[in-house]
Amino acid sequence: MNTDLKQVNIPKKKKWDRSKKKKDKEQLIKISRISKVTKGGKKISFRVVLVVGDDNGKVGLGVAKASDVSLAFEKARSNGYKNLIQVSLTKSLSIPHQVEASFGACKLILKPAMKGSGVIAGGATRSVLQRAGIKNVIAKQLGANNLLNNAKATICALEKLTTKSAALKKRNLIN
(Lines give C-alpha, C1' and ligand atoms only; values in the text may rest on other atoms or scores of the structure.)
Protein backbone atom coordinates (compact mmCIF):
# COMPACT_ATOMS: atom_id res chain seq x y z
CA MET A 1 0.00 0.00 0.00
CA ASN A 2 1.09 3.50 -0.76
CA THR A 3 1.50 5.57 2.43
CA ASP A 4 1.45 8.85 0.54
CA LEU A 5 -2.27 8.59 -0.03
CA LYS A 6 -3.03 7.33 3.43
CA GLN A 7 -2.91 9.69 6.37
CA VAL A 8 -1.37 7.66 9.12
CA ASN A 9 -0.99 8.90 12.69
CA ILE A 10 -1.46 12.59 11.95
CA PRO A 11 -2.02 14.31 15.29
CA LYS A 12 -5.18 16.35 15.61
CA LYS A 13 -4.90 20.08 16.09
CA LYS A 14 -5.04 21.10 19.71
CA LYS A 15 -7.88 23.31 20.74
CA TRP A 16 -7.06 26.91 21.42
CA ASP A 17 -6.40 27.47 25.13
CA ARG A 18 -7.48 30.93 26.32
CA SER A 19 -5.62 30.71 29.62
CA LYS A 20 -2.20 30.52 27.94
CA LYS A 21 -2.79 33.28 25.40
CA LYS A 22 -4.58 35.77 27.60
CA LYS A 23 -2.46 37.07 30.42
CA ASP A 24 -4.65 40.13 30.85
CA LYS A 25 -6.72 40.48 33.99
CA GLU A 26 -10.01 42.17 34.60
CA GLN A 27 -11.33 43.82 37.72
CA LEU A 28 -14.91 44.87 38.19
CA ILE A 29 -15.41 48.33 39.66
CA LYS A 30 -19.18 48.67 39.66
CA ILE A 31 -22.42 47.17 38.37
CA SER A 32 -25.39 49.50 38.54
CA ARG A 33 -29.01 48.94 37.60
CA ILE A 34 -30.50 51.65 35.42
CA SER A 35 -34.22 52.20 35.05
CA LYS A 36 -35.55 54.21 32.15
CA VAL A 37 -39.22 55.22 32.13
CA THR A 38 -40.77 54.88 28.69
CA LYS A 39 -44.29 55.07 27.30
CA GLY A 40 -44.72 51.31 27.72
CA GLY A 41 -43.36 51.21 31.27
CA LYS A 42 -39.98 50.95 32.94
CA LYS A 43 -37.07 49.57 30.96
CA ILE A 44 -34.31 48.12 33.15
CA SER A 45 -30.71 47.84 31.99
CA PHE A 46 -27.34 47.35 33.65
CA ARG A 47 -24.14 49.39 33.46
CA VAL A 48 -20.77 47.74 34.10
CA VAL A 49 -17.53 49.60 34.81
CA LEU A 50 -14.51 47.33 34.34
CA VAL A 51 -10.71 47.73 34.36
CA VAL A 52 -8.53 45.49 32.18
CA GLY A 53 -4.75 45.29 32.29
CA ASP A 54 -1.76 43.00 32.03
CA ASP A 55 -0.04 44.02 35.31
CA ASN A 56 2.92 45.15 33.22
CA GLY A 57 2.18 48.71 32.13
CA LYS A 58 -0.97 48.34 30.04
CA VAL A 59 -4.38 49.30 31.40
CA GLY A 60 -7.78 50.21 29.98
CA LEU A 61 -11.19 51.23 31.28
CA GLY A 62 -14.38 49.78 29.83
CA VAL A 63 -17.91 51.03 30.40
CA ALA A 64 -20.98 49.45 28.81
CA LYS A 65 -24.73 49.12 29.18
CA ALA A 66 -26.96 46.22 28.24
CA SER A 67 -30.24 44.61 29.23
CA ASP A 68 -28.37 41.65 30.73
CA VAL A 69 -25.42 41.74 33.16
CA SER A 70 -23.35 39.20 31.21
CA LEU A 71 -23.83 41.11 27.94
CA ALA A 72 -22.85 44.36 29.63
CA PHE A 73 -19.79 42.64 31.11
CA GLU A 74 -18.66 41.36 27.69
CA LYS A 75 -19.22 44.77 26.08
CA ALA A 76 -17.28 46.50 28.85
CA ARG A 77 -14.41 44.01 28.48
CA SER A 78 -14.13 44.62 24.72
CA ASN A 79 -14.42 48.38 25.32
CA GLY A 80 -11.59 48.19 27.84
CA TYR A 81 -9.33 46.36 25.37
CA LYS A 82 -10.05 49.04 22.76
CA ASN A 83 -8.98 51.78 25.19
CA LEU A 84 -5.69 50.29 26.42
CA ILE A 85 -2.92 52.76 27.28
CA GLN A 86 0.78 52.19 27.97
CA VAL A 87 2.02 53.45 31.36
CA SER A 88 5.59 54.53 32.12
CA LEU A 89 6.96 52.57 35.09
CA THR A 90 10.22 52.81 37.02
CA LYS A 91 12.43 49.88 38.06
CA SER A 92 10.78 49.87 41.50
CA LEU A 93 7.35 49.51 39.80
CA SER A 94 6.33 53.04 40.73
CA ILE A 95 5.48 56.11 38.68
CA PRO A 96 8.31 58.38 37.44
CA HIS A 97 7.00 61.66 38.89
CA GLN A 98 4.10 63.29 40.71
CA VAL A 99 1.07 64.01 38.58
CA GLU A 100 -2.35 65.61 39.04
CA ALA A 101 -5.43 65.01 36.94
CA SER A 102 -9.14 65.68 37.10
CA PHE A 103 -12.23 64.37 35.41
CA GLY A 104 -15.58 65.97 36.11
CA ALA A 105 -15.65 67.01 39.77
CA CYS A 106 -13.02 64.43 40.75
CA LYS A 107 -9.43 65.51 41.27
CA LEU A 108 -6.60 63.04 41.78
CA ILE A 109 -2.99 63.36 42.94
CA LEU A 110 -0.53 60.50 42.30
CA LYS A 111 2.90 60.45 43.97
CA PRO A 112 5.71 57.92 43.60
CA ALA A 113 6.49 55.88 46.71
CA MET A 114 9.44 53.92 48.06
CA LYS A 115 9.84 50.25 47.22
CA GLY A 116 7.76 48.08 49.53
CA SER A 117 5.19 50.71 50.46
CA GLY A 118 2.44 49.23 48.27
CA VAL A 119 -0.52 50.86 46.60
CA ILE A 120 -1.92 53.45 48.98
CA ALA A 121 -5.15 54.40 47.26
CA GLY A 122 -8.84 53.80 47.59
CA GLY A 123 -11.72 52.58 45.51
CA ALA A 124 -11.56 52.73 41.74
CA THR A 125 -8.13 54.37 41.75
CA ARG A 126 -6.64 51.34 43.51
CA SER A 127 -8.16 48.96 40.94
CA VAL A 128 -6.77 50.90 37.98
CA LEU A 129 -3.29 51.21 39.51
CA GLN A 130 -3.14 47.49 40.36
CA ARG A 131 -4.20 46.42 36.85
CA ALA A 132 -1.53 48.75 35.42
CA GLY A 133 1.14 46.87 37.39
CA ILE A 134 2.07 49.76 39.66
CA LYS A 135 3.17 48.37 43.03
CA ASN A 136 4.41 51.46 44.94
CA VAL A 137 2.34 54.63 44.73
CA ILE A 138 0.43 57.07 46.91
CA ALA A 139 -2.87 58.45 45.61
CA LYS A 140 -5.23 61.04 47.01
CA GLN A 141 -8.75 61.58 45.71
CA LEU A 142 -10.20 65.06 46.11
CA GLY A 143 -13.63 66.35 45.20
CA ALA A 144 -16.47 63.99 44.31
CA ASN A 145 -16.45 60.29 45.20
CA ASN A 146 -17.90 59.01 41.92
CA LEU A 147 -16.31 55.64 41.05
CA LEU A 148 -16.45 56.09 37.28
CA ASN A 149 -15.06 59.63 37.33
CA ASN A 150 -12.28 58.62 39.75
CA ALA A 151 -11.30 55.74 37.45
CA LYS A 152 -11.28 58.07 34.43
CA ALA A 153 -9.23 60.64 36.37
CA THR A 154 -6.70 57.89 37.17
CA ILE A 155 -6.46 56.96 33.49
CA CYS A 156 -5.94 60.65 32.62
CA ALA A 157 -3.16 60.90 35.24
CA LEU A 158 -1.44 57.77 33.92
CA GLU A 159 -1.57 59.17 30.37
CA LYS A 160 0.29 62.29 31.55
CA LEU A 161 3.26 60.30 32.87
CA THR A 162 6.52 60.54 30.94
CA THR A 163 10.02 59.21 31.48
CA LYS A 164 13.09 61.41 31.69
CA SER A 165 14.39 60.22 28.33
CA ALA A 166 11.05 60.90 26.62
CA ALA A 167 10.93 64.43 28.07
CA LEU A 168 14.49 65.17 26.88
CA LYS A 169 13.69 63.80 23.43
CA LYS A 170 10.56 65.96 23.21
CA ARG A 171 12.63 69.09 24.02
CA ASN A 172 15.20 68.12 21.35
CA LEU A 173 17.98 67.82 23.94
CA ILE A 174 18.75 64.22 22.96
CA ASN A 175 18.84 62.76 19.48
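The values are calculated or read from the model by the stated rules, or taken from the named source; none is laboratory data. Note that the structure is a prediction, hence the values are computed from the model and not measured. Glycine gets a Cβ as well: all are built from the backbone with ideal geometry, and neighbour counts include every protein chain shown.
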#### Entry: Pairs where the first residue, in region 151-166, is in the same structural domain as Gln141 (by TED's automatic domain parsing) and the second is acidic (Asp, Glu), C-beta under 8 Å, 6+ apart
Ala157/Glu100
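Each row is one residue, and each column tells you yes or no for (1) at pLDDT 95 or above; (2) on the phi > 0 side of the Ramachandran plot.
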residue	(1), (2)
Val51	yes, no
Asp55	no, yes
Lys58	no, no
Gln86	no, no
Thr90	no, no
Met114	no, no
Asn145	no, no
### Query
So which of Ser117, Ser127, Ser102 is over 18 Å from Gln27 (Cβ atoms), surrounded by 15 or more Cβ atoms within 10 Å (Cβ to Cβ), of a type in the set (S, T, N, Q) and not assigned by TED's automatic domain parsing to the domain that holds Lys43?
Ser102
### Query
If you take the residues of region 143-175 that are touching a Leu at 6+ places or on another chain (Cβ under 7 Å) and among the hydrophobic types (A, V, I, L, M, F, W, C), which of them is surrounded by the fewest Cβ atoms within 10 Å (Cβ to Cβ)?
Ile174
### Query
Just wondering, is there one or more residues in region 149-168 that are under 30 Å from Ser35 (Cβ atoms) and among the charged types (D, E, K, R)?
yes
### The one condition in (1) among the hydrophobic types (A, V, I, L, M, F, W, C); (2) closer than 25 Å to Lys36 by Cβ; (3) in contact (Cβ under 8 Å) with a residue 40 or more places away in the chain that Val51 fails to fulfil
(2)
